[in-house]
Number of protein chains: 2
Amino acid sequence: MTSLPHIDNLIAPRSVAVIGASDDVTRIGGRPIAAMLKAGYEGRILPVNPKRDTVQGLRCYSSVDDLPEVPDAALIAVPAKLVAETIEALGRKGCTAATLFSAGFAEVGAEGEAAQRELVELAREHGMRLLGPNTLGVYNVDIGYYGTFSSSLDTGHPFPGNIGIASQSGAFGAHLGALARDRGLGCSILITTGNEADITVAEAIRWMAESDTTDVICAYMEAINDAPALLAALDAARAAGKPVLALKSGRSAVGARAAASHTASLTGDAVVADAVLSDHGAIILRDPETMMDIAYAASKKVFPAHHSLGVITVSGGAGIVASDEAERVGLPMPPMPDAAQAKLKALLPYASPVNPLDCTAQALNDPSLLESFTQAALEEGGYGAVLCFLTYVAGSDAMSEVILKAMVPLRRAYPDRIIAFCALGDPEILRQYDDAGILIFNDPCRAVRALDAILRLGGARDKDARPALPSHGPVILPATSPDEAQAKTLLTTAGICAAPEQAVSSAEEAVTAAAAFGYPVVMKILSPEIVHKSDIGAVKLDIQDADAVRTAYGDILAATAKHAPEATVTGVLVAKQLSGGVECLMGINRDPTFGPVGVFGLGGIFVELLNDVAVRACPFDPETARDMILSIRSAAILQGARGTAPADIDALSHMLSRLSVFAAGAGERLASVDLNPVLAMPSGQGAYALDAVIELTPHEDP
Amino acid sequence: MTSLPHIDNLIAPRSVAVIGASDDVTRIGGRPIAAMLKAGYEGRILPVNPKRDTVQGLRCYSSVDDLPEVPDAALIAVPAKLVAETIEALGRKGCTAATLFSAGFAEVGAEGEAAQRELVELAREHGMRLLGPNTLGVYNVDIGYYGTFSSSLDTGHPFPGNIGIASQSGAFGAHLGALARDRGLGCSILITTGNEADITVAEAIRWMAESDTTDVICAYMEAINDAPALLAALDAARAAGKPVLALKSGRSAVGARAAASHTASLTGDAVVADAVLSDHGAIILRDPETMMDIAYAASKKVFPAHHSLGVITVSGGAGIVASDEAERVGLPMPPMPDAAQAKLKALLPYASPVNPLDCTAQALNDPSLLESFTQAALEEGGYGAVLCFLTYVAGSDAMSEVILKAMVPLRRAYPDRIIAFCALGDPEILRQYDDAGILIFNDPCRAVRALDAILRLGGARDKDARPALPSHGPVILPATSPDEAQAKTLLTTAGICAAPEQAVSSAEEAVTAAAAFGYPVVMKILSPEIVHKSDIGAVKLDIQDADAVRTAYGDILAATAKHAPEATVTGVLVAKQLSGGVECLMGINRDPTFGPVGVFGLGGIFVELLNDVAVRACPFDPETARDMILSIRSAAILQGARGTAPADIDALSHMLSRLSVFAAGAGERLASVDLNPVLAMPSGQGAYALDAVIELTPHEDP
């Protein structure tokens, strides 16, 4: 296998062969040619069809072998059964990039999947990259390249611009493209990846991250077929300062909550994907329209450093509606400084100059008010973005000239801030503002949501580099799932503290251990097979003296013998009984896409009923762990909300981070870890795992 | 004072006097005349201006007295200081409706407020209704009446149609009107109420509820100035089958949570308003665009009975995105029946006919597939609404004819269901679908949200009449706030159970009472002045025998004497100690707008940290109380989620309803009631208030 060539040829070819070319502009083999002719494709179109001499006025070749040159790219629009021989011919010719429109492969079952695998092998032998099969293709507006049969082009071609779309689904990707076009947004690149036999959305994102054409990347994914490549692509986009707006469909049933205490049931795939993709800088979205709102705002490439909003309005009502939405999404709207308020009050006594700043309908008579208020919001307010609610006023012929004259100098004077209007009216008039660098939205709440996303991005860029991961040695796992004492030992070597405890095998040994720890103690059975020990009476709490230890020892063994007679008993655990802390839960769950995922939550109802947990892909540093811990809704309990001392969040953070490093080092045999409860003691007193269950998949036979 | 005339003359006048009429079409006194001339107002325009003979080509009168007839309505566009004499003159003339554009009244402070009150008195003396002052006015497109100076008309007049807008804010109301117009929606009525000196949004809603012109009412409110009238207007709209879409701005800081256990701190104004308005059938919204989406859908007047959605798509991806959104908003998407799935599979083997139903891009080649799938979804699926994701395909010239031909017969065959498209493209082509009764959205998620709102409405209509309120006698309140025992006695007469208990005044009396109840018992101090009894050691739990009763009695009195030496002690309460139930909280809080409001939540962290409470205006029936109880996020705990027996929700519901009836009957002196905790025993065993605090405002001096 040769090393994979880059996909430049696929997206920006200087020549393209169309295999199965058609004169009929509504057919798959005809549409791309018609679109390229209409757009004035800069490269050479080379139709291939044994039955024709010309196609749509172009010279047509009878076979790939007959082509007069090696095409940079090929579009394959032939029936599934002819695809392999076409790839073979293209490979012989030296073509390195093919887009497979043809369907009838992995999407139709096992046989098609096998055929698809063969295509990939064949292509790799020839050093050829494949898009699809079952793809709607690619377009690249800047060079007039339309390697696509999308009927979205029937209602108009896209506009050139710095937004790019990468979509697994052809129709949905084309929907996004048409949505951008219908809004007048410039989107030069659409890449739809179809069955992803070779090229995935991840590689498409990567290409856009590295391309001069694209500054904002919209990505639609159904399944994530290559997680490491996707995360690397997101990192590359972030490093290049290009926002990635990600819509991942197929979210799991949020409502369905398993009552089981096992952490594996707490994290749906969608929650994990959201957490991991966000962690790599992606903006997670749910709907295409919001994606386009944010893409539009991001396309101006202004990412203010301050996550704060000033709202200027000619209607008190609209200012309140926008403020309500800002509060809902968590976009701060700090008040104007007192001195600036006094200055504005002097200009307009009836104004409300706090934030929102209401310059009242008086601004319609005296547009200099609008200018003064906006200037003050930018200069004295220091807001990252200023949103002016001007509604139909901005859209009127009479006012637009005056407003432009007032705002354009401000736009120039504060190039690192966003000025946005909520405006209605004639699209041609509104476009003048947009051309001047002022963002235009027709709904105040949509404006607030899009600005919030952009302003968060700016803040994120300023973040310092993350601290290093905790150091760790190699993780050596036993052959089978360990019992509780062994699990704790394993974790202790990874730096995770359990309560002081000892495995014993006689009542007198238990008494000695208990005396060493000090009373009260806890005792429980040790058996790798018994997970829910208290259900069978094999856990005893509040043991206060030596006699009680002896009684408990006997009772635990008797209960185990009665209720779990088959279980291997490896001893009894005696542990110091800690109290006075907050019960938490942490664990590791293996995600099929992203591997080991760390989970944190408070114990009991918070997790069982409210599913109030934070997740992150392993490994992660203590700072990230702290972010996770503080992100849960019930974090206030750890911070001392109920009148108790604040918990040792430092200790929890380090413990969670170390657990994540342990999990990342443990490899694929680590199925799950449950530390439940973890007792977070008052600040400075540490955090201790009171129980630990580690599940391993057995070694495979050699 | 004469009884108030109806506001018909204000909204649909046959003649209108414009006081302060101007030739300048950009001035407040000129704009309405220009707009009416442009629209061809059906009535007579009567300009009044002492300085002119004609205005905009119309005969102008020098004074109100000179008018040749009694105008149905007057528009007052004169400076604030001339408004009173204008009203006086109009009143003498016999005019019964005036719109006061003039500003400078209540919105500028106390002096303006006094002047405004005088205007109302003056108007009432003449039997005249007032809109404003400080209002942008009214329009009524059907008769070409523009009693408004909104500059939104500069960018075009509204289209006639069955949507109506009632807005306190002029600019925001006009923004909604312009938003409707820019989307091509018909909105004949806009009423902006400004300072609401006389006519409120409530009366505007009421007018639309009773008018033939309007079928869908959009309402924007900042403050609710007349709660009973508003609720009556909502009831009238509901009775008339007209949805009210309400945007109430100025939501309280959701994040701010008082840690105090007093229920008064648990309900922000916005939460109460949402609950009360929803309860009266309003759809509560946050943003203008969603309001217009729902208004558009509602304007077709199809309200299916089933709250369920079928999604048909030509792109698997879009189907998943729509399904994700449906799940998020709680719109059920049940699968197609097996037989129907088999039938569709036979038509198209690669189809996914479950729900979403993916008829694949094959539907583009064979539109009969789209027809068959939609027909099956309507007939066999029985969905209230069917949403077809057709994106740019529906917007193309070539396809639209075929699609219309396939869908129009279905539209006719299922008149009681909704058919909606997610479609992009030429607005003229999309309008053809709309004309055929098919709803058009350009975003699948916005479509899902709007359909959900409409489908919920249909379901609500089917609801049976509510059961009757519990019967009750008159509530007789003591002169000052009662102590705990008195409070419980008062509540007991209202049918609210406390645990078996007795007020005692000696240790031996306490022993006798305890023996009668059976041990364990609880004892606490009785004093109307001590609210947090346990904080001062005046509550003793788990008292197991007679000696302990005697000790507790002494300790409680000693603790009280030490920590609250000034408090009036009325005795000691002995109560049976109940256990084994779920701790809840219920109470009454007096809302400044809606009066007494019932609050329900679980105890402890659920209320303190998560603010997980339900609220409702008093009084309400047991069925409503049950809805409240089951609506909290932690309701599963009452239903036995943690392995405990389900709680007696029946008893809780009756108790909460009775409390609401008590509060409604108690009148304005009842400031608050706190029953915290209420112990909900296992099903069939009742619910008991373990503590009760009633706060009364003292009798005013006679």
For the pair A and B, the solvent-accessible area buried on both sides (1.4 Å probe; DNA, RNA and ligands excluded), in Å² to the nearest hundred, is 4800 Å²
Using just the helices of chain A, give the 222 nm mean residue ellipticity in deg cm²/dmol: DSSP H runs with n ≥ 4 each add -39,500 (n - 2.57), and the total is spread over all residues, rounded to 500. -11500 deg cm²/dmol
Accessible area per residue for the protein assembly as shown in Å², computed with a 1.4 Å probe and the full protein assembly in place, what is it? 38 Å²
Helix B:397-413: inclination vs chain B longest Cα principal axis, degrees, rounded to 10, gives 60 degrees
Need one number: convex hull volume per residue for region B:94-171, Cα atoms only, in Å³. 107 Å³
I'd like the accessible area for B:H654: 1.4 Å probe, protein heavy atoms, all chains in place, Å² to the nearest 10. 80 Å²
Compute the helix-to-body angle for A:110-125: its Cα long axis versus the longest principal axis of chain A, expressed 0 to 90° and rounded to tens. 70 degrees
Name the lysines eligible as straight-distance cross-link partners of B:K81: C-alpha to C-alpha under 26 Å, and not fewer than 8 places from it in the same chain. A:K345, B:K51, B:K93
Counting only other chains, and only Cβ atoms inside 10 Å, what mean value do you get across the residues of A:305-318? 3
Considering only the other residues whose Cβ falls under 11 Å of the Cβ of A:T360, what net charge follows from Lys and Arg at +1 and Asp and Glu at -1? -3
Whether region A:300-462 is rounded, prolate or oblate, judged on the alpha carbon gyration tensor where a/c under 1.5 counts as rounded: rounded
Taking a threshold of 18 Å on the Cα-Cα distance, which of the pairs B:K242/B:K301; B:K524/B:K562; A:K242/A:K300; A:K488/A:K562; A:K540/A:K576 fall above it? A:K488/A:K562
How large, in percent, is the carbon and sulfur part of the accessible surface of the protein assembly as shown at a probe radius of 1.4 Å? 52 percent
Enumerate by residue number the chymotrypsin sites (Phe, Trp or Tyr not before Pro) in region B:366-458 meeting two conditions: DSSP loop (anything except H, G, I, E, B), and at most 14 other Cβ atoms within 10 Å of the site's Cβ. none
When Lys and Arg each count +1 and Asp and Glu each count -1, what net charge do the other residues less than 11 Å away from B:G537, Cβ to Cβ, add up to? +2
Förster radius 56 Å - calculated FRET efficiency between A:R431 and B:A558 (Cβ-Cβ, nearest 0.05): 0.10
On Cα atoms only, tilt of A:269-279 relative to the major axis of chain A in degrees: 70 degrees
Is the shape of region B:500-576 best called rounded, prolate or oblate, per the rule: a/c under 1.5 gives rounded, else a/b larger than b/c gives prolate, else oblate, with a ≥ b ≥ c the square roots of the Cα gyration tensor eigenvalues? prolate
Would you kindly compute the Cα radius of gyration of region A:115-231 and its largest Cα-Cα separation (Dmax), both in Å? 13.9, 44
Using R₀ = 30 Å, calculate the FRET efficiency as 1/(1 + (r/R₀)^6) where r is the Cβ-Cβ separation of A:K301 and A:D627; round to 0.05. 0.60
Inter-copy spacing of A:T493 label points, which lie 7 Å from Cα along Cα→Cβ, given in nm from shortest upward: 7.6
Taking the Cα centre of region A:555-702 as the origin and placing charges on Cβ (Lys, Arg +1; Asp, Glu -1), which of A:C584, A:A635, A:T697 is farthest toward the positive end of the dipole? A:A635
Please list the three semi-axes, largest first and in whole Å, of the ellipsoid equivalent to region B:150-288, using sqrt of 5 times the eigenvalues of its alpha carbon gyration tensor. 28, 17, 13
Determine the equivalent ellipsoid of chain B by diagonalising the alpha-carbon gyration tensor, then write out the semi-axes as square roots of 5 times the eigenvalues, largest first, rounded to whole Å. 55, 41, 17
Can you list, shortest first and in nm, the gaps between the label point of A:E428 and those of its counterparts in the other copies, using a point 7 Å from Cα in the C-beta direction? 1.7
Environment charge at B:L153 (Cβ cut-off 10 Å; Lys +1, Arg +1, Asp -1, Glu -1): +2
The whole-number value in µm²/s of the Stokes-Einstein translational diffusion coefficient for the protein assembly as shown, with Rh from the Kirkwood sum over alpha carbon pairs at 25 °C and 0.890 mPa s, is 68 µm²/s
Charge dipole of the protein assembly as shown about the Cα centre (unit charges at C-beta), most positive-ward option of A:A453, B:A340, B:F421: B:F421
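The values are calculated or read from the model by the stated rules, or taken from the named source; none is laboratory data. In this text the structure is predicted, and so the values were computed from the model without any measurement. Positions of Cβ are generated from backbone atoms using ideal geometry, with glycine treated the same way; all protein chains shown enter the neighbour counts. Heavy atoms of the whole protein, side chains included, go into the accessibility calculation; ligands, DNA and RNA do not. Shrake-Rupley method; radii C 1.70, N 1.55, O 1.52, S 1.80 Å.
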